[in-house]
Each structure stands twice: as C-alpha cells, then as structure tokens.
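**Student:** Structure provided below as structure tokens; questions to follow.
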Amino acid sequence: MVAICCGLDKLQNHQCWPLCCFAINVLTLMLQPPPAKYGGRHTVTLIPGDGIGPELLGHVREVFRFSCVPVDFEVVNVNSALETEVDINNAITAIRRNGVALKGNIETKHTMPPSVKSRNNVLRTSLDLYANVMHCQSLPGVQTRHKNIDIMIIRENTEGEYSSLEHESVSGVVESLKIITRNNSLRIADYAFRLAREKGRRRVTAVHKANIMKLGDGLFLQCCREVASGYPDITFDSMIVDNTTMQLVSKPQQFDVMVMPNLYGNVVSNVCAGLVGGPGLVPGANYGRDYAVFETATRNTGKSIADRNIANPTAMLLASCMMLDHLNFCSPLDLKLLC
C-alpha cells in the first residue's frame, strides 16, 4: 500500500500503479454525478462510522491532501449507541445535499431493542440505494489460492431479509418477513445486464433458492429471465445459492457477473473477498437513481483491531478511487492538472 499512500501524482511511475488502476474506471455509472462547484471542487459527505472506519478514512483524507484532490469533506458522525435516528437522518440529509458519500461501517448492536433499525439499512433504503456493486478481482502482489478471479457481484440492496420486518406472534415464535417485489427485482436485474453489456461481460448468473422459496426467490428468478430475454448478446444462467458457495471456492473463474437478492449478496460478497485476500482489499459501492455511497465491500467494523493502526486501508482507498471515477476524475493526470 506504499504506492497508494505516496500520492497519485507519484503513483503513475510506481510499479504498484495497477493496484490503483483496479478501482479507476471499474464502473461507468448510469447515475450522473453532481456538478462540480466553482474551481472544479466537489463536496462529499464523510461518515467515519465505527471501529476502524475513522482511521481508514483518515488515511483517505491524508492521501487526498497530499495529492491535491479537489474534494472537500463534510463530516457527519453517526453514533451507533443512540436509539434515536437523529444522527443518521442528518447524514441522509447531507448525502441528499452533496449527492455522494464515503463511509465507514456503522455497527448494528445486537443488544439494542428490536425497534432500533440498522443505521446502514436505514441509509440505503431512505436514499433508495438499490444496487450494491462489488468488483472482486485478483490483485497484483497478493498471494492467494485462486488466480485470475474477475467477478462483478450485483446485490439487491433495499429489500429481502433486510426489510427489518419481524414480530413475535406468540411467546417463543418469531416471524421474519422476506420481501421480494417484482419492480425491484426487475430493476436490479436490468442494472446487472446493462452493466454487463457496458463492461463487455459475457455471462450473468442469477443466484437464488427458488427450489425452496418458490414464491419469493421464484419471482426474483422469473424477473431475471424476463430481463435476460432483452439481452440476447449476454448468456444467462442461474445457480442455487448453496451450490454457488461451493463453486466459488472450487472454481471461481467460471463466474463473470452475478446478480442476487440481498442476503445472498452479503454471503457471496464475503466469500469472494476471502478468495482474493480478505475484507481489507475489496471496495464496494451503493448506487441509486440520485445518490452514490462508497465503502468497503464487506462492511466490517473491525472493532477488534480498532485504534491500533494495523487495519489494511486498501479497500477504503480503492473505494475512494471509485468515488473519484464517479466524479469524473478519470486519471491521475486529471488530478495533477488541478493541483
């Protein structure tokens, strides 16, 4: 990570430059970035989060400062210990104002009352950040069991098991509702196929459990098939989620673009991160119609190693590179010209 931390102007001639290029131009978004302000500067909402989040974002700010990146951060702190949603609502307001955010993960405490919803989930649903995108790719210089991995994971980000709809119907019996809607399933499937075509990808795999959840996952799979019929140039297939995890750890190179409901996306993203070196290496992004939020792909708080300055900053730095790409800073030369 010395290469990334030395500043983007020096990075062009460094042997580790491909590591940063990994995040640049990963996506050309359907979402239009907010316009730059006077002098070409952008304001970005910065949410430090919990655990290692503040120190990782501190590294990003240091790199941006030394590289003269024309970005001003509006810092909004969110306290995971609070039972009210005042702080997360302030963060949501700031993102609506700025259009873009870079965030650390906000801890969801199991000890909080059931009425307290995950702040990460509240943020995603309030801003309708329906597409979580993770580009899982083998990185240069990182020794792993599997080589030549290049998978794009598209995760539906607003419904499924993350709908926060639970109740205890009678004492000792809890019902948790999984919400799958036709509109949102069609939307995420279309996003996956459009992204596949834009990036020259050849195959989209829908991950599901429709053999058991015939209505919910059956609807999701049906919507994927409907969308696939409009993209004859892209091969479509489907795979049951339990088989998917086995295939990933056996032969991950068989996958190209994967699209799936919310919970499966969480599981598959973590498996894929492990395949390429761990959670500290993979960036992620959340896209909606109007806003974009960038973070580490696996959304770990890393509390066990917080405040020790040993957390790997690669994932957050690459997430910040994805953010710069979204803001149309397409190369280090663009940044140098603005210094």
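The values are calculated or read from the model by the stated rules, or taken from the named source; none is laboratory data. Being a predicted model, the structure only gives us computed values, none of them experimental. Glycine also receives a Cβ, built like all others from the backbone with ideal geometry; neighbour counts cover every protein chain displayed.
**Student:** For V142, indicate whether it is of a type in the set (V, I, T), surrounded by 14 or more Cβ atoms within 10 Å (Cβ to Cβ), in a loop (DSSP other than H, G, I, E, B) and over 14 Å from the mean Cα position of the chain (by Cα).
**Tutor:** Answer is no for this residue.
**Student:** Restricting region 254-289 to residues that are outside any helix (DSSP H, G or I) and among the aromatic types (F, W, Y), which is surrounded by the fewest Cβ atoms within 10 Å (Cβ to Cβ)?
**Tutor:** F255
**Student:** Can you tell me which residue among V142, V174, V207 is without any contact (Cβ under 8 Å) to a residue 60 or more places away in the chain and either β-branched (V, I, T) or assigned by TED's automatic domain parsing to the domain that holds M258 (or both)?
**Tutor:** So the residue among V142, V174, V207 that is without any contact (Cβ under 8 Å) to a residue 60 or more places away in the chain and either β-branched (V, I, T) or assigned by TED's automatic domain parsing to the domain that holds M258 (or both) is V174.
**Student:** Moving to a separate point now. Taking I154, is it at pLDDT 95 or above and more than 25 Å from P252 (Cα to Cα)?
**Tutor:** no
**Student:** For region 191-218, give me the residue count where each residue is surrounded by fewer than 19 Cβ atoms within 10 Å (Cβ to Cβ) and closer than 20 Å to N262 by Cα.
**Tutor:** So the count comes out to 8.
**Student:** Hey, another quick one. Would you mind stating whether V133 is aliphatic (A, V, I, L, M), buried (at least 17 other Cβ atoms within 10 Å of the Cβ), touching a residue at least 40 places away in the same chain (Cβ under 8 Å) and not in a helix (DSSP H, G or I)?
**Tutor:** yes
**Student:** Please list, ordered by residue number, the strands (runs of 3 or more DSSP E) wholly in region 157-244 having 1 or more residues that are closer than 26 Å to H135 by Cβ.
**Tutor:** Correct list: 203-208, 235-240.
**Student:** Of all residues in region 219-253 being of a type in the set (A, V, I, L, M, F, W, C), within 25 Å of R145 (Cα to Cα) and in contact (Cβ under 8 Å) with a residue 12 or more places away in the chain, which is surrounded by the fewest Cβ atoms within 10 Å (Cβ to Cβ)?
**Tutor:** V249
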